[in-house]
Amino acid sequence: MEHLHYEEQHRVWICITCRHAVWPQEIVRHFRNKKKHDIPKVEQQQMREKILGAPYDAVDDPDEFIMPSQVIEAIPHLTLHEDGYRCCVEDCHTIRSSVVDIRKHCRTAHNQTIHRHRGKPTTAGRRAASTRRDQMWRSVARYQRFFASREHSQYFEVRLPARTAHAAEASDIDQRINTEIARIQGSSQRAKEEADRNIEPGEVSDANQWLERAQFAKYLSGYEWETLMALIDRPETEFEPVEYIMWKAMDGLGRFSQRTVREKAGVFVRFEAVRSEKHQTRYQPLMAYQDEQSFSSYVRPWQQIIMFFARTRTAELRKENPQYRFNRRQSQAWEQFVQVAEDIVEHNQTTDPVTPQRRQHRSRRRIIEDDETDAEEDAIRAQSVEEQQELEDVQRACLQFCIALMDCPASTQHHEYEFAMVRAMAVLGVKTHGWKGPDQYPPLLFRVIKIARFLVVQQAWEEVQPVDVWDDEGYRSDQDDDGEDHDVENGSTEGEQRASPSNSQDSAIDVPVPKARQGVIEVVRDMMDRFMVRGSGSPMQWLLDLRTYGLKIHYNTTAPGSVRWSGASQLTYKGMEIGMDAFRGFVHGLEGAARTQLQAAVLMGHTPPVIPWQNMRDNPSETEVRFNFLQSEQWVSSVDGGSWLWQQVQGNAEQREQWFHADSGHIRRRETIEWMDMVEVFRMQMLLLMHITGGQPARAPEILSIHHENRSSQQLRNVFLEDGLITFVTRYHKGYMMSGDVKIIHRYLPREVGEMFVWYLWLVLPFYNDIDQHFQREDEARHQRVEHPDPNETEEHGRISPAADGQEATATPQRHTPRRGPSTHLWPASHRKQKMTSARLREGLKRYSRLYLGEALTIASYREVAIAISRQYMGRESAFVTDLDQIGEEGGEDGEGSIGKRLQAIIDQQAGHTSHIAGMIYARLVGELQGSVADVRQGFRKASEMWHTWLGFASADRHSEPYRRVHGRKRGAPIESPWQGIQQQARRGRETWLRQAPIEEELQRMIGPDIRFRGIQEAAMRSIIRGDPRIVAVMPTGCGKSILFQLPAFVTPGGLTIVVVPITALRADMMQRCVAVNIVAYYNDRSEFSTVSAKIPATLFSRFIADPS
């Protein structure tokens, strides 16, 4: 037949046009589609009768049709599909066209997935996923199906007929030539990929001093990059249980060792442990200051070293991986380490106990982000280490191996790469298809050395085991009045008695018996001199020397550029496109959100009292504990901030019912906790505003270490009031923990942000602290009732019943946290015990910048962007610096515009001292902050005020002094700021170009060659071009009013035009017409401020045309 083909083997009719099978009883309905088949109804009916009357044995019942169960030859008249995937699970022959579809099928039909965990998979996880993928489906070259829908519409695999393939190959010589070319190119590409996968030795002519010094390529040549990286990847519990135990043991050992250094080791011990030379005098002891999350990155290199040995010690892998050799002590320590880990796996023990917090954490893994998951894991693991009293067996075995790895005598080695630890460190220098350079590898060496010093102190503590027993008067109980030690029974010292087998607990690790009369200092000194300092010829000397060499190269090499400017208002940073108007919109959008959160949620809709700025004074020299500018004698206000919110809640009937129980008058816990959660949201917004609007970008440790009140021990606050502006002062910089030096940096907040800050300290924080202390007292009382129940006391005797708000009471004793007083910290831990960390600051900045800017900024990227903007617009004198350590004693470098500083320096030198000494000692004002210099402080204030003005805060013009030019104009004359000059110059350039442009030709270029001005269009346009101050053009609907603002925007696209269209129906039409002539346009609606505010900042328009219609 002309339109149908009968397939005899499968007894079906196939539509030649649609290329799929049709049931006989549905032929007429199938050909009714006139778009595909233009067949008259009479012919359709005749075709049906002919099919039914013909001697064909076609299947008309779907239940009788049999699908192919094996691969068959392709059926000519069916559509042939290529490159599919066939399910292999449980003899399921389902075929899908894409990987996404076949994965969805396996997940829904068989409940199987290739990835067992969320997040980025490890190398072992990727290998396991690849194995599971091969077991779940396979590739299919060609496949077909009979019916397009319903029954028997599934695909089946086919192959090309042998004769057809042979004929096509014999007849088409071009195809054979193309195949040969593709084979040659594929072979070349595979050879290139093979060469890229393998490490090649460096050439002599390569001018790379770093690789020549480290010699990574020489000793790792021939190995694949990915193979080496897989050796140090994190293990998974499911596939490598023993390695996972060893990984966790190293983490726990590092945390426990840091705790030993922080809580037990004296300053003399820490001075010894920080040495890098023999007979070296250090002035800063070993510091243990890493928090839970940052410590994970510090201990990870040691975990990777452990994984390198764990995955290369097996016999089958020794020939395929970098060669190294353990000495006898290292071999014994390693075998003992592995044995303890295997015993833990065999007995189903764990070094990572499943606490109630971890059970709750595991139940939330699927609904929180991976970064938050890692942060919670670090916090829980750190809490378990804090509760740990001594090392576990597997941690002690890990310690013994690490010490043996470092304590390797150089007398038995001929080359540094004969050390097993150096070989492992070379593998840590590998990254994807390359090496870690002097900018990446020295920080890794620093972490290894840092943890190694912790381990040395911990090993000394394990060997000596000093007794920490003190009597009530604060004296050692094992000493006489003259300070001599008592001897214990049998003539042994107490340290020896503690180390004896009879008094020690059962342990798989033998702790060496300490030498008599030897202290921790002597043991640490001995180990440091033996293998931890230069001159020892140990692996640690190689690490120290390479770190110093890498830092020398790094600090003498300029960093690659990442910032590019497109014109005067578009910045590109690592793929992020940031417009200056958009950036200002981001800041003002965040400021508006914070103000709304404060007034509507935190202040519960109550109008805050007016801040008496004119009566506010501060005394920075006041050292009284818990003093800030709100307690100053000059503070004059009729409002008591400590009770203001209580009075507002009590005076509002609805809120009083919401906050307090009507029967008992007790405060409701659940509603109050919800309010405290909203305060935490405002705190994050306030933190970001201070970080962004304060001026020079601060590092996270700086801005997170601010205190709003004086603390004990003469530690002053960081927040001050100066001439109507709130300033926060930081005394921290990136090298403080190493050098002990500080940099005092002032950052000033604009009045809009400072106003919210004062309201928070004045009205919100006292209310918050009252509630927090109240709940802590209740929790403490409840804990005491659970631990020591009174049989005569009922739940009603308590302040609030545990089940008062629908919570079930429990009698299970829980770990009690001591009650903490109101913190002087500006960003304390929340009521949910969540600390404000750099990770939370980074995530908050990413969230709000993505919301208001459209780009996700991190702390590091914002620093680069802010510095680039300041250098572009604020001039050399007040521009932000890449590193605050670049700021000298005079607050900056002398240059153009710094005549006043140079003159003052000359006067001070005539007086016999420098300007720095003059500012620190001589003629200091009573109210000056201790440690700061007035000249430097004024420089910081000027930089902050210029930043406020550039961001567009209205209060900046009222509180900042006008900029004055020293050269070229009369002294004292106000001038424009640098960026205002750039904007004015660009605006004048656009006006000049618009006046000179042929408007008729530009109109035709915008719309078309046949367009002409109509009515008063030309007269109004020429008035606009001349810059007349007031123009009113009254025109009927449809007479071309939009041309009056479209044409100037088309001719000079660098400007900004704001059009007010009050009729909703015209807005969409207006947008379409702008887009049609390639004019970028946005519709600004207050209800959608969060999405478009960064594109149209209403405070920076240059021309304004109102449509009276």
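Summary of values
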quantity	calculated
Qualifying positions in the range 44-59 - modelled with pLDDT of 80 or more and closer than 14 Å to L4 by Cβ	A58
Selection within the range 262-297 - open to solvent by 30 Å² or more (accessible area, probe 1.4 Å) and of a type in the set (G, A, S)	G266, S294, S297
Residue in the range 150-163 that is at pLDDT below 75 and part of a helix (DSSP H, G or I) present	yes
Some residue of the range 976-992 being of a type in the set (S, T, Y), in a loop (DSSP other than H, G, I, E, B) and at pLDDT below 80	yes
Check on R107, charged (D, E, K, R), at pLDDT 85 or above, under 33 Å from the mean Cα position of the chain (by Cα) and surrounded by 17 or more Cβ atoms within 10 Å (Cβ to Cβ)	no
Filter result for A829 (within 23 Å of G589 (Cβ to Cβ) and either among the aliphatic types (A, V, I, L, M) or open to solvent by less than 40 Å² (accessible area, probe 1.4 Å) (or both))	no
Only one of A601, A594 that is crowded, with 21+ Cβ neighbours inside 10 Å, closer than 18 Å to M756 by Cα and modelled with pLDDT of 90 or more	A594
Pair list, Cβ < 6 Å and 6+ apart or interchain, from the range 13-30 residues that are under 21 Å from Y155 (Cα atoms) to residues that are assigned to a strand (DSSP E or B) and charged (D, E, K, R)	I14/E7
Hits in the range 81-92 (condition: open to solvent by 70 Å² or more (accessible area, probe 1.4 Å) and modelled with pLDDT of 85 or more)	E82, D83
Segments classed as strands (runs of 3 or more DSSP E), wholly inside the range 3-59, with at least 3 members that are open to solvent by 30 Å² or more (accessible area, probe 1.4 Å) and in contact with a Pro (Cβ under 6 Å, 6 or more places away or on another chain)	none
Residues located in the range 60-80, provided they are of a type in the set (S, T, Y) and either open to solvent by 60 Å² or more (accessible area, probe 1.4 Å) or closer than 30 Å to I114 by Cα (or both)	S69
Number of the condition not met by V1060 [criteria: (1) modelled with pLDDT of 85 or more; (2) under 30 Å from W950 (Cβ atoms)]	(1)
Some residue of the range 220-233 being assigned to a helix (DSSP H, G or I), among the aromatic types (F, W, Y) and open to solvent by 40 Å² or more (accessible area, probe 1.4 Å)	no
Residue satisfying condition, being modelled with pLDDT of 80 or more and surrounded by fewer than 12 Cβ atoms within 10 Å (Cβ to Cβ), within set R1086, R1022, R1014, R1005	R1014
Given (1) within 25 Å of W759 (Cβ to Cβ); (2) of a type in the set (V, I, T); (3) modelled with pLDDT under 50, index of the condition T794 fails	(1)
Cβ-Cβ under 7 Å pairs, at least 6 apart or on other chains, the range 134-152 side closer than 16 Å to Q70 by Cβ, far side among the charged types (D, E, K, R) and open to solvent by less than 60 Å² (accessible area, probe 1.4 Å)	R138/R86; V140/R86; V140/E157; Y143/E157
Top-ranked residue in the range 832-863 [being in contact with a Pro (Cβ under 9 Å, 6 or more places away or on another chain) and of a type in the set (D, E, K, R); ranked as least open to solvent (accessible area, probe 1.4 Å)]	R863
Subset of the range 679-704 (residues that are basic (K, R) and not in a helix (DSSP H, G or I))	R699
Given (1) part of a loop (DSSP other than H, G, I, E, B); (2) among the β-branched types (V, I, T); (3) out of contact with any Leu (no Cβ under 9 Å at 6 or more places or on another chain), index of the condition T623 fails	(3)
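The values are calculated or read from the model by the stated rules, or taken from the named source; none is laboratory data. These numbers come from a predicted model, not from an experiment. Positions of Cβ are generated from backbone atoms using ideal geometry, with glycine treated the same way; all protein chains shown enter the neighbour counts. What goes into the accessible areas is simple: the full protein's heavy atoms, side chains included, and nothing from ligands, DNA or RNA. Shrake-Rupley method; radii C 1.70, N 1.55, O 1.52, S 1.80 Å.
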